[in-house]
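Read the figures in this text as sums done on the coordinates, not as results from a lab. Quick caveat: nothing in here was measured; it's all calculated off a predicted structure. Every residue, glycine among them, receives a Cβ derived from its backbone with ideal geometry; neighbour counts consider all protein chains shown.
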Amino acid sequence: MSLLEEIAEQICSCQRCPLGETRTRAVPGAGPEDARIMFVGEGPGRDEDLQGEPFVGKAGQVLTKLLQNIGLSREDVFITNIVKCRPPDNRDPHPDEVIACREYLDGQICLIRPKLICTLGRPALQTLIDPTASVMKVNGTVIRQDGLTFVPLIHPAAGLHNENMKQPIKDGFKALGRILADYV
Ligand code: SF4
């Protein structure tokens, strides 16, 4: 068993925070162990909680299409979240839950050593990069910090509820497509 698989196994039996009691299945993440690009969302939703896989619901379908538009497939990237168990009613994860789960994400980043880490949405951006950052301001830009290179993006689910968000989401991923040439 690889170290990444060991982390996944620990996550699946974890009860470090209250989300462990309400989840159906934990969602450690999915993708190759040597992925050059990692996507980090906020937490599993209903479909992910049922299947134990990240980004398999409607937002996942949008993400798959956005990746295809820039020449990537799901198999090329590692996809995970800042918390590995579903927050009830899809609320944002609470700070104590994010802190409790952080060691798993740090371990995954350390083992995969991706060239780019794309945060999806505000909670991932504010957890990994800057607690005061606005996702609309930094969407599709390069931020180097702590020896890592980040590209914050708007969460694909934002366009499911708000038509006005569809274009900024596409613009962010288009920018990522251009950035890939320099970093990956
Ligand atoms: S969210 Fe993270 S810390 Fe909380 S129970 Fe799940 S795996 Fe453990």
task: Identify the single condition in (1) in contact with a strand residue (DSSP E or B) (Cβ under 9 Å, 6 or more places away or on another chain); (2) assigned to a helix (DSSP H, G or I); (3) of a type in the set (Lys, Arg) that ARG144 does not satisfy, given that it satisfies every other one.
output: (2)
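Within the range 111-141, take every residue that is part of a helix (DSSP H, G or I) and more than 15 Å from the chain's Cα centre (by Cα) and give me the one that is nearest to the ligand (Cβ to nearest atom). Step through it out loud before you land on a result.
To start, the set of residues in the range 111-141 that are part of a helix (DSSP H, G or I) comprises 111-112, 122-128, 135-138.
Then keep just the ones that are more than 15 Å from the chain's Cα centre (by Cα); that gives 111, 136-138.
On the way: LEU111: 17, MET136: 27, LYS137: 28, VAL138: 26 Å.
Applying the filter and picking the extreme gives LEU111.
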Subset of the range 52-99 [within 16 Å of the ligand (Cβ to nearest atom) and in a helix (DSSP H, G or I)]: PRO88, ASP89, ASN90, PRO95, ASP96, GLU97, VAL98, ILE99
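Out of all the residues in the range 36-51, which are more than 15 Å from the ligand (Cβ to nearest atom) and closer than 17 Å to LEU120 by Cα?
The initial filter retains those residues of the range 36-51 that are more than 15 Å from the ligand (Cβ to nearest atom), namely 36-39, 46-47, 50-51.
Residues satisfying the conditions are ARG36, ILE37, MET38, PHE39.
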field: From the options SER2, SER13, residue that is within 11 Å of the ligand (Cβ to nearest atom) and polar (S, T, N, Q)
entry: SER13
task: For residues that are farther than 22 Å from ILE129 by Cα and crowded, with 19+ Cβ neighbours inside 10 Å, scanning just the range 18-35, find the one that is farthest from the ligand (Cβ to nearest atom).
output: GLY31
query: Applying the selection to the range 5-26, what residues are assigned to a loop (DSSP other than H, G, I, E, B), more than 12 Å from CYS101 (Cα to Cα) and touching a residue at least 24 places away in the same chain (Cβ under 8 Å)?
result: ARG23, THR24, ARG25
- prompt: Which of (1) within 12 Å of the ligand (Cβ to nearest atom); (2) crowded, with 18+ Cβ neighbours inside 10 Å is the odd one out, the single condition ARG102 does not satisfy?
  reply: (2)
